[in-house]
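Single-structure report; data block below.
The values are calculated or read from the model by the stated rules, or taken from the named source; none is laboratory data. As the structure is a computational prediction, the values presented were derived from the model and not from experiment. Because the Cβ atoms are built from the backbone with ideal geometry, glycine has one as well, and the counts that use them run over all protein chains shown.
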Protein chains: 2
Amino acid sequence: MELSILNNINEPSDLKSLSKDELNLLSSEIRNVLIKKVSSTGGHFGPNLGMVEATIALHYVFNSPVDKFVYDVSHQTYPHKILTGRKEAFINPEKFGTVAGYTSPKESEHDFFTIGHTSTSISLACGLAKGRDVKGGNENIVAIIGDGSLSGGEAYEGLNNAAVLGSNIIILVNDNDMSIAENHGGLYQNLALLRETEGKAENNFFKTLGLDYYFIKDGNNLELLIEIFEKVKNIDHPVVIHMQTIKGKGYEDAEVNKESFHWVMPFDLETKEPLVKFESSESYTDITGKFLLEKARKDKSIVAINAATPGIVGVNPIRYELKDQYVDVGIAEEHAIALASGIAKRGGKPVVSFLSSFIQRTYDQLSQDLAINNNPALIMVHGGGITASDVTHLGVFDIPLISNIPNIIYLAPTTKEEYIAMMEWGIEQDKHPVAIRVPRMNVVSTGDMVKADFSELNKYVKVEDGNEVAILGLGSFYHLGAKVHERLKEIGINATLINPRFITGVDEELLTSLLDNHKVVITLEDGVLDGGFGEMISRFYSDKDIRVLNFGATKEFTDSVSLEELYKRYHLTKDLIIADIKKVLEDIKL
Amino acid sequence: MELSILNNINEPSDLKSLSKDELNLLSSEIRNVLIKKVSSTGGHFGPNLGMVEATIALHYVFNSPVDKFVYDVSHQTYPHKILTGRKEAFINPEKFGTVAGYTSPKESEHDFFTIGHTSTSISLACGLAKGRDVKGGNENIVAIIGDGSLSGGEAYEGLNNAAVLGSNIIILVNDNDMSIAENHGGLYQNLALLRETEGKAENNFFKTLGLDYYFIKDGNNLELLIEIFEKVKNIDHPVVIHMQTIKGKGYEDAEVNKESFHWVMPFDLETKEPLVKFESSESYTDITGKFLLEKARKDKSIVAINAATPGIVGVNPIRYELKDQYVDVGIAEEHAIALASGIAKRGGKPVVSFLSSFIQRTYDQLSQDLAINNNPALIMVHGGGITASDVTHLGVFDIPLISNIPNIIYLAPTTKEEYIAMMEWGIEQDKHPVAIRVPRMNVVSTGDMVKADFSELNKYVKVEDGNEVAILGLGSFYHLGAKVHERLKEIGINATLINPRFITGVDEELLTSLLDNHKVVITLEDGVLDGGFGEMISRFYSDKDIRVLNFGATKEFTDSVSLEELYKRYHLTKDLIIADIKKVLEDIKL
């Protein structure tokens, strides 16, 4: 790959001396680098291709890191990383993986925040601007946000407050007419109108919020971008630049299939075949999608709700077939929960599906809009558990978040059959908000039908009746518990094995009965220990004569740490658990 | 008081036969009832007075409860309650207090949700509308929301999604040009423009979101209201009615002093003197306000941030004197946290002040925008603890919410001096986000200076060194712990008394040392036990030979239950705690 210009770009200041032709050549080179690298490793594809020219223009006109760029959600930051000293991670296959998929102050002085959730950039940029104003400074603060992210309430709060900041803040709206999937919401009619009228329509969302406004018809045109950026540089008041770009620009398939090329798995550029073949075995996402579709076909009062991520939460089957029973709210998780509460109140059967990491955006709605009103919505929590994920998408916090809110019943299935039974019951019951922690691991199917009745709350299931040691294996970790049980048997301990099923409460009768002939209770949960299931069990036993060992994750933000390393760190392997059990049994004998 | 019309109104259908003159007379009667009742008991004053005519018109035109009204935040629901069978609670002093201050489905079939947080009505109404559409029905769904509440992200998400609902939903915006305090944000320029142009301005916030729009110039004019409501009744698409009203209408002082008459303490209508005299002793709110003002005068990089409730979180002194160092974000708590993170990143010193109940709106921002980035913002949590509050403003959930997020240091001061030292350190330190749980009880002052250094994290303070029983009294409940300590001494137990200071971590060294000569550890916390401080201590000790008793609130939504009753229920009195300690000590002997 010929990189005659990029080879000489090591920091943004190297751009300043380039001619317009050289800048355009640089765009091509960066685009080629991106296509080659991301097709090989996987990652955000379309969003980065669309932002190549704008990123070059930003760094050409402004003076980073004195002038400060805040990229929303970080899906579009690869060109920025390439221009700010991190190009090797995109050019040199040996260095692939040395930079994160999002902005990170640890990586570069050109990054100001670690960001992976949407709709936050304007508010964070307002903070940098206000900090500048009180500390004394005159740099430009630029927030870069996609049209999809504008559907989130935090982005609106940011715009509304940016408008009255009274000093320099530049909000670059990258409008590619797409979220991850298509956009949803009335706002997008106005963005379309503004694109059609080249920003001239009187009725203008940004202007109604009191913001100055520029429109860039072709946000992949370097000359145009530079002209406008020069115009707003050092502006003394808040301004929005509404820039129209093409998502996936420069790679035809990505320009056409915008949703599937938003984020890609590794693929061969020649054959377009995936480089990584997955076993085509059934996943819990498939099971979810199939079950919900079949159920919704028969019951027209079921409404599947998601927030801009239909594919990964298993609602595509409903999305494509039953449009009246499908709502994508955009990146508006708060609205989704309140909507579900209202639907349930009116007798409908709402099923809201989120990733664990994004349910964090709805604590107050879970509590106030839903739980206080005790409306029977079903909430599906996908991706919960300890993962090798980046720091902004960890799935370990949903148990403390959800399970300490009164009235919500949070269930942890251990098998396919139990999962389906819980969905069935969750949809049909009419007494409580119910949440289900969708298993993340390989599908376990026993073939045994599980009755769809969980109305006797907090009733744990004793699967193996033993003594001395009792194992409470929650959800996905039930199977780890079963392995520990098996190993204990081999060393002469006939342990009790329990599937708690309910995260949100204690089976007092069962737990009390264990006191008779058990010395140690262990809890296993696929999440952070602090505020979680195990602590609830520890509290139950804390004034009684029995020892409890809680296994789960430590309260910490991990960042792309391998699962193997995390399991070792948290003693979440059969052998480490056995060793801990032995230790406490010996301690009791002393 | 002459109530010639109201006397005959027992349900909304009784309105239908009234003449326009009678309806106007009814307005006067309701207004008189409100002024007399609320001045006598305290409560929301201005918001209800402004909504008298609109509420009558709503019930005159629509057919509640088949047609459904959803009132945002419930500050304006007294006229609705008066017209829907609950007038006795406003007319008859013996019945005062028999209805809640917010809508409640338990009270009336005309109320659909228990609501006390802002900005939720549109989303909840969308749910009722979507439920109607999938279930089959043709009733009108009406959300009633104040201009102040429009500053919250959830309201925007609601508007944006309501616009694409494709069926009947009516959003009545009650624009009285006020939040609790003045409005903040660019939106309010547009609302002002719309008021000035009587809704005719081309640039229209609601229209940019794709919503149909009507303007009512005088929302206190019954004829005008009825005319427009008749027009939109049974409309087949989403519509906004933007109605201008006068907050406090009909009570001159309230019309003039809108902020102080938003919510009033009981006062004498003749003399205008307060009916309840408070001792003028110092409060923690006063201490906060005084400290922050003095500190901010000397350090121009301090920025005090709050979300539309400056009075109750002690930032009025800064608000009135140091405008450049004061930000009211409107009802936009999410923005407030991200803003603070950005200010801290740029070297400023942000202090965000919320009520415990409202910090619930910011879990994801605390986690993603702040804690992952580990920026040194200070967050003041007011009103945390067990209270006799209504169900929508409970202060018991902030400990599980905040303290299970990594990186945040959550502190619990026990005295005025310790509180000031924590604020001082929290502002000056530059390593972590710090939160302080502002004490809610009477001010305790020892006069002893506390060093403003909490950099040795999770270091508890052993105040009394004893044996057999150790008491960990967290924050406000330290003083309850001291009473228990004293009583134990009287019965021959020389207990250890500890002030943990840190909610978010364990002093392993100190707790381990207790194992030598203690049999029982008790924890006392002014919040829900589930996911809280005590559980963390129970987990620490769970595999060790010591008993732990956790005292705090049960996981439940309580609704205006007296503090006395709650303390009894949760064993949070000296005598009940002593009894529990005795019981476990006896159990150990057996």
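So here's what we get for this one:
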{"item": "Hits in segment A:214-224 (condition: more than 32 Å from the chain's Cα centre (by Cα) and among the charged types (D, E, K, R))", "result": "A:GLU223"}
{"item": "Long-range neighbours under 8 Å by Cβ, at least six apart or interchain, first residue facing chain A (nearest Cβ under 9 Å) within segment B:183-208, second assigned to a helix (DSSP H, G or I) and among the small types (Gly, Ala, Ser)", "result": "B:HIS184/B:SER151; B:GLY185/B:SER151; B:GLY186/A:ALA162; B:LEU187/B:SER151"}
{"item": "Inter-residue pairs, beta-carbon under 8 Å, first in a helix (DSSP H, G or I) and in segment B:348-368, second surrounded by fewer than 24 Cβ atoms within 10 Å (Cβ to Cβ) and at pLDDT below 95, 6+ apart", "result": "B:PHE358/B:THR309"}
{"item": "Residue within segment A:200-211 that is surrounded by fewer than 24 Cβ atoms within 10 Å (Cβ to Cβ), in the same structural domain as A:HIS59 (by TED's automatic domain parsing) and β-branched (Val, Ile, Thr) present", "result": "no"}
{"item": "Number of the exception - A:THR392 against (1) surrounded by fewer than 24 Cβ atoms within 10 Å (Cβ to Cβ); (2) within 14 Å of chain B (Cβ to nearest Cβ); (3) in a loop (DSSP other than H, G, I, E, B)", "result": "(3)"}
{"item": "Yes/no for A:ILE91 being within 11 Å of chain B (Cβ to nearest Cβ) and either among the aliphatic types (A, V, I, L, M) or farther than 30 Å from A:PHE354 by Cα (or both)", "result": "no"}
{"item": "Members of segment B:459-491 that are free of Cβ contacts under 8 Å to residues at least 40 places away in the same chain, of a type in the set (A, V, I, L, M) and not in a strand (DSSP E or B)", "result": "B:ALA482"}
{"item": "Some residue of segment A:369-379 being in contact (Cβ under 8 Å) with a residue 60 or more places away in the chain, more than 17 Å from the chain's Cα centre (by Cα) and assigned to a strand (DSSP E or B)", "result": "no"}
{"item": "Among the candidates B:GLU556, B:GLU535, B:GLU509, residue that is surrounded by fewer than 18 Cβ atoms within 10 Å (Cβ to Cβ), modelled with pLDDT of 95 or more and at the interface with chain A (Cβ under 9 Å from one of its Cβ atoms)", "result": "B:GLU556"}
{"item": "Every residue from segment B:38-58 that is part of a helix (DSSP H, G or I) and surrounded by fewer than 19 Cβ atoms within 10 Å (Cβ to Cβ)", "result": "B:SER40, B:THR41"}
{"item": "Search result, residues across segment A:519-578 that are farther than 22 Å from B:ILE537 by Cα and assigned to a helix (DSSP H, G or I)", "result": "A:LEU563, A:GLU564, A:GLU565, A:LEU566, A:TYR567, A:LYS568, A:LYS574, A:ASP575, A:LEU576, A:ILE578"}
{"item": "Sole exception among (1) over 32 Å from the mean Cα position of the chain (by Cα); (2) more than 10 Å from every other protein chain (Cβ to nearest Cβ) for A:GLY136, by number", "result": "(2)"}
{"item": "Residue list for segment B:295-346, filter: of a type in the set (Ser, Thr, Tyr) and either buried (at least 24 other Cβ atoms within 10 Å of the Cβ) or within 10 Å of chain A (Cβ to nearest Cβ) (or both)", "result": "B:SER301, B:SER341"}
{"item": "Yes/no for A:LEU83 being within 12 Å of chain B (Cβ to nearest Cβ), in a helix (DSSP H, G or I) and either at positive phi or crowded, with 21+ Cβ neighbours inside 10 Å (or both)", "result": "no"}
{"item": "Filtered residues of segment A:8-37 (kept if of a type in the set (A, V, I, L, M) and in a loop (DSSP other than H, G, I, E, B))", "result": "A:ILE9, A:LEU18"}
{"item": "The lone exception for A:VAL99 - which of (1) in contact with a Phe, Trp or Tyr (Cβ under 7 Å, 6 or more places away or on another chain); (2) among the β-branched types (Val, Ile, Thr); (3) more than 10 Å from chain B (Cβ to nearest Cβ) it fails", "result": "(1)"}
{"item": "Residue match in segment B:55-70 (condition: touching a Lys or Arg at 6+ places or on another chain (Cβ under 7 Å), assigned by TED's automatic domain parsing to the domain that holds B:ILE216 and within 26 Å of B:HIS117 (Cβ to Cβ))", "result": "yes"}
{"item": "B:GLU157 being facing chain A (nearest Cβ under 8 Å), closer than 22 Å to A:PHE205 by Cα and buried (at least 20 other Cβ atoms within 10 Å of the Cβ)", "result": "yes"}
{"item": "Some residue of segment A:99-121 being of a type outside the set (Phe, Trp, Tyr), farther than 26 Å from A:PHE557 by Cα and within 25 Å of the chain's Cα centre (by Cα)", "result": "no"}
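To keep it simple, each residue is scored yes or no on (1) surrounded by fewer than 17 Cβ atoms within 10 Å (Cβ to Cβ); (2) touching a helix residue (DSSP H, G or I) at 6+ places or on another chain (Cβ under 6 Å).
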{"residue": "B:SER27", "(1), (2)": "no, yes"}
{"residue": "B:TYR60", "(1), (2)": "no, yes"}
{"residue": "B:SER74", "(1), (2)": "no, no"}
{"residue": "B:THR98", "(1), (2)": "yes, yes"}
